[in-house]
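*Asks:* Sharing a structure with you now.
The values are calculated or read from the model by the stated rules, or taken from the named source; none is laboratory data. Remember, it's a predicted structure, so these values are computed and weren't measured experimentally. Glycine gets a Cβ as well: all are built from the backbone with ideal geometry, and neighbour counts include every protein chain shown.
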Amino acid sequence: MMMSDLQQNQKHSILMVSDFFYPNFGGVENHIYYLSQCLLNLGHKVVVVTHAYGKRSGVRYMTGGLKVYYVPWRPFFNQNTFPTLYGTLPIIRTILIREKINIVHGHQTFSTLCHEALMHARIMGYKVVFTDHSLNGFSDAGSIHMNKVLQFTLADVSQAICVSHTSKENTVLRSDLAPEKVFVIPNAVDTAMFKPALERPSRLDIVIVVISRLVYRKGADLLVEVIPEVCRLNPNVRFIIGGDGPKRVRLEEMREKHSLQDRVDLLGAVPHTQVRSVLISGHIFLNSSLTEAFCIAILEAASCGLLTVSTRVGGVPEVVPDDMIVLAEPDPSDMVRSIQKAITMLPNIDPQVMHNRMRELYSWHDVAKRTKIVYDRALKCPDQNLLESLSRYLSCGAWAGKIFCLVMIFNFLLWHLLELWQPADDIEEAPDVILSRNCDGLEGCCRKHNNAENHKNSSDTNNIHDKNNIS
Amino acid sequence: MVEFSISNARYTYVHDQKYPSENADMHHIILRRSGSKYIFVYASALLVLACAIYLYFLEEKSISLVYYSLLFDIFLVKLLLRKPVNKESVVIMPAFGVQLETHYMSGKVVRCFVPIDKILKPVLLECVTPVTCYWTLSLIVREESEMVLVFKNLRPPIKMLVHVWKALCAATDNKEETCTHAK
């Protein structure tokens, strides 16, 4: 009993690695940020490593004392760092030693920095957790290669997390990972930020809101078919479309062709801070994605009290209860039918009741607690030496297995060379951040620190303004 | 009069107050000469030259190969062993300012003076490069967009930098206090 209590209270030092982080905005970025903030609240230490964004390079501190390393490796395609296989070994090793990390948590399949960091962490004996955020295909050339890379990374991972059961199935099939190692922890939404409007918008005009990137994957082409039909059938319906992308031109053409200028508003890119104000001006949220592992946009809309109409793809059916969503096949006529059904359902919807239910169902603190359980499990995994790991890699494929083994052996040799060149004792440990917030009764307010003297200017900026909007 | 010193494998930190009556505080970081680096560089240069000569005499390659290898050797030696720094010092005179000195092996000394009024704050920063992360001590200077590095060539460990930083903070804080009192 005592032992499990001790283990429950054990605080971890976690390194989050991904190419996708602030100042970029997106599902993965928000997930990492919110999860890190909630883990910091629970008393753990979290450090984030990502690549430099333009001039934003070096060490930065975010709310709550979250330390972010913007490593100056240039991104080359789709925000991904240029893959050099061994180039990131020195800096990752330095960060792992100086921050006294014990778990490395990588995010997103399409992040080269994540895969490299996980590989280096494994070879150095750290426990590794991987979270997959999207669904991917199996048949095109790009997917086949990426799946092989994923198989390599996940061959030796301690535990894995997926954001929905559909995503777990997809990941397990793509990477040959044992299903027992995969946990399902859905994303959450900041219900404190996404609250319904104090006064409901009037129901004389029904407003349907769409907020998404206007790309093929998000079903922008479906919108082009659906909007004119819905406008024709319902003279009192208006559309508000937020977001930008290559398909915006098609939507503008559709608007011109059917003379819907006064009924369809194209807002362009909406900053994340203004998403709520756009959502609360509507009654129905329309999501037309062709593929989705988990849709945080639906959570945000439901938290604001909007009824959702969505395509039945991927993990969408798992997101909200059936009375908050109307599902349709990704086909224009079925979607139009579902929108009609949603319009008839509107009088029975109470936004505040919906918001309260979402608050009970989804919270980032809950995600953090569940993630901690995964970390505890990962730490309990037995330590493995190189030979045992190599046998796992060999089983990845006839040729691929041998290539993976060679890559890992070379990595191991490089690591030992680095140990000779720059011994671990020479790398000084970085002091932990001290925060003296003006908070009353908040647990874990002032965290333990190593050296009070190493109190840098960064902690002064933390003192100035601390908006804790997660709680 | 040496007040305090710390040393590790590569650097030695010395804090002395040679002129206590004049209120000047001196901090030195001295680089320990390591013979191994010289041996390694000269050995590899010799190896390259030996290979070139072997190829010329025994395998009948052209003489230009020897010349190129000689050029490469000179370039390598210049790159890796250039302008060796012996010591970097910080002289803190609370009434006037801070003098940063770099002493080279050849005896040359480069000095840089920062008046006390211009120093906003001394800061300890973590610098991240593509392969490593290390601590530096810098001065934030008024009306300048760039910070002034206190130790421009050497990278002493944080436990040595902390003492210099504290001394700089003490010197600049005192000045700020007198300013507010005057107002």
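*Asks:* Given the criteria of a type in the set (Phe, Trp, Tyr), surrounded by fewer than 21 Cβ atoms within 10 Å (Cβ to Cβ) and either part of a loop (DSSP other than H, G, I, E, B) or within 14 Å of another protein chain (Cβ to nearest Cβ) (or both), does A:Phe25 qualify?
*Replies:* So A:Phe25 passes the test.
*Asks:* Can you run down the residue pairs with Cβ atoms below 7 Å, 6 or more apart or on separate chains, where the first is in the range A:59-88 and away from chain B (no Cβ under 14 Å) and the partner is part of a strand (DSSP E or B)?
*Replies:* From residues that are away from chain B (no Cβ under 14 Å), the pairs are A:Met62/A:Val68; A:Leu66/A:Val46; A:Leu66/A:Val48.
*Asks:* Okay, next question. Scan the range A:394-401 and tell me whether some residue there is within 24 Å of B:Val131 (Cβ to Cβ), free of Cβ contacts under 8 Å to residues at least 24 places away in the same chain, out of contact with any Ser or Thr (no Cβ under 8 Å at 6 or more places or on another chain) and not basic (Lys, Arg).
*Replies:* No; the residues of the range A:394-401 include none that is within 24 Å of B:Val131 (Cβ to Cβ), free of Cβ contacts under 8 Å to residues at least 24 places away in the same chain, out of contact with any Ser or Thr (no Cβ under 8 Å at 6 or more places or on another chain) and not basic (Lys, Arg).
*Asks:* Yes or no: A:Cys114 in contact with a Ser or Thr (Cβ under 6 Å, 6 or more places away or on another chain), away from chain B (no Cβ under 14 Å) and either modelled with pLDDT of 95 or more or in a helix (DSSP H, G or I) (or both)?
*Replies:* Numbers: in contact with a Ser or Thr (Cβ under 6 Å, 6 or more places away or on another chain): yes; away from chain B (no Cβ under 14 Å): yes; either modelled with pLDDT of 95 or more or in a helix (DSSP H, G or I) (or both): yes.
Against the criterion (in contact with a Ser or Thr (Cβ under 6 Å, 6 or more places away or on another chain), away from chain B (no Cβ under 14 Å) and either modelled with pLDDT of 95 or more or in a helix (DSSP H, G or I) (or both)), A:Cys114 qualifies.
*Asks:* What number goes with the only condition from (1) crowded, with 21+ Cβ neighbours inside 10 Å; (2) within 14 Å of another protein chain (Cβ to nearest Cβ); (3) not in a strand (DSSP E or B) that A:Val48 does not pass?
*Replies:* The one condition A:Val48 does not meet is (3).
*Asks:* Checking A:Ile92 against (1) crowded, with 23+ Cβ neighbours inside 10 Å; (2) part of a loop (DSSP other than H, G, I, E, B); (3) within 14 Å of another protein chain (Cβ to nearest Cβ), only one condition comes out false. Which one?
*Replies:* (2)
*Asks:* Further question: Quick one: is B:Ala43 at pLDDT 85 or above and part of a loop (DSSP other than H, G, I, E, B)?
*Replies:* no
*Asks:* Here's another thing I want to ask about it. I need the strands (runs of 3 or more DSSP E) fully contained in the range B:88-168, keeping only those with at least 1 residues that are at the interface with another protein chain (Cβ under 9 Å from one of its Cβ atoms) and among the basic types (Lys, Arg).
*Replies:* In the range B:88-168, the matching strands (runs of 3 or more DSSP E) lie at B:119-128.
*Asks:* Can you name the residue in the range B:8-24 that is modelled with pLDDT under 85 and not in a loop (DSSP other than H, G, I, E, B) and, of all such residues, is farthest from B:Leu168 (Cα to Cα)?
*Replies:* B:Ser21
*Asks:* Considering only the range A:234-316, give the helices (runs of 4 or more DSSP H) lying wholly within it that have at least 1 residues that are over 23 Å from the mean Cα position of the chain (by Cα) and within 27 Å of A:Arg203 (Cα to Cα).
*Replies:* Answer list for the range A:234-316: A:248-257.
*Asks:* Is it true that some residue in the range A:384-395 is at pLDDT 90 or above and part of a helix (DSSP H, G or I)?
*Replies:* Scanning the range A:384-395, I find no residue that is at pLDDT 90 or above and part of a helix (DSSP H, G or I), so the answer is no.
*Asks:* Here's something else I'd like to know. Mind telling me which of the residues A:Leu150, A:Leu177 ends up being surrounded by 15 or more Cβ atoms within 10 Å (Cβ to Cβ) and assigned to a loop (DSSP other than H, G, I, E, B)? Let's see the steps before the verdict.
*Replies:* Numbers: A:Leu150 fails: assigned to a loop (DSSP other than H, G, I, E, B).
Checking each option against the conditions leaves just A:Leu177.
*Asks:* Listed residues A:Lys55, A:Lys11; which is under 20 Å from A:Trp364 (Cβ atoms), at pLDDT below 95 and among the charged types (D, E, K, R)? Outline the logic, then answer.
*Replies:* Values: A:Lys55 fails: under 20 Å from A:Trp364 (Cβ atoms).
Exactly one residue qualifies, and that residue is A:Lys11.
*Asks:* For A:Cys405, are the conditions met, namely being modelled with pLDDT under 85, surrounded by 15 or more Cβ atoms within 10 Å (Cβ to Cβ) and away from chain B (no Cβ under 14 Å)? Spell out how you get there, then give the answer.
*Replies:* Values: modelled with pLDDT under 85: no; surrounded by 15 or more Cβ atoms within 10 Å (Cβ to Cβ): yes; away from chain B (no Cβ under 14 Å): yes.
Answer is no for this residue.
*Asks:* If you don't mind, there's one more thing I want to ask. Tell me, yes or no, whether the range A:131-145 has at least one residue that is over 24 Å from A:His44 (Cα atoms), surrounded by 21 or more Cβ atoms within 10 Å (Cβ to Cβ), aliphatic (A, V, I, L, M) and touching a Gly at 6+ places or on another chain (Cβ under 8 Å).
*Replies:* yes
*Asks:* Next question. Would you confirm, using the coordinates I've provided, whether A:Lys45 is more than 22 Å from the chain's Cα centre (by Cα) and basic (Lys, Arg)?
*Replies:* So A:Lys45 does not fit the description; no.
*Asks:* Need pairs with beta-carbon distance below 6 Å; first residue farther than 12 Å from A:Ser18 by Cα and within the range A:121-132, second part of a strand (DSSP E or B); sequence gap 6+ or separate chains.
*Replies:* Here the result reads A:Ala121/A:Val104; A:Ala121/A:Val128; A:Arg122/A:Val128; A:Tyr126/A:Val104; A:Lys127/A:Ile103; A:Val128/A:Val104; A:Val129/A:His105; A:Val129/A:Gln159, each pair linking the range A:121-132 to a residue that is part of a strand (DSSP E or B).
*Asks:* Report yes if some residue within the range A:338-351 is within 27 Å of A:Cys38 (Cβ to Cβ) and part of a helix (DSSP H, G or I); otherwise report no. Full working, then the answer.
*Replies:* Applying the first criterion (within 27 Å of A:Cys38 (Cβ to Cβ)) to the range A:338-351 yields A:351.
Pick out the ones that are also part of a helix (DSSP H, G or I) and you get A:351.
Taking every residue of the range A:338-351 in turn, at least one turns out to be within 27 Å of A:Cys38 (Cβ to Cβ) and part of a helix (DSSP H, G or I).
*Asks:* Looking at (1) at pLDDT below 85; (2) part of a helix (DSSP H, G or I), which one does A:Asp440 not meet, given that it meets all the others?
*Replies:* Among (1) at pLDDT below 85; (2) part of a helix (DSSP H, G or I), A:Asp440 violates only (2).
*Asks:* Among (1) at pLDDT 90 or above; (2) within 10 Å of chain B (Cβ to nearest Cβ); (3) more than 20 Å from A:Leu150 (Cβ to Cβ), where does A:Ile101 come up short?
*Replies:* Failed condition: (2).
*Asks:* Could you please find all residues in the range B:105-131 being among the hydroxyl-bearing types (Ser, Thr, Tyr) and modelled with pLDDT under 90?
*Replies:* B:Ser106
*Asks:* Only one of (1) surrounded by fewer than 14 Cβ atoms within 10 Å (Cβ to Cβ); (2) part of a helix (DSSP H, G or I) is not met by B:Arg82, so which one is it?
*Replies:* (2)
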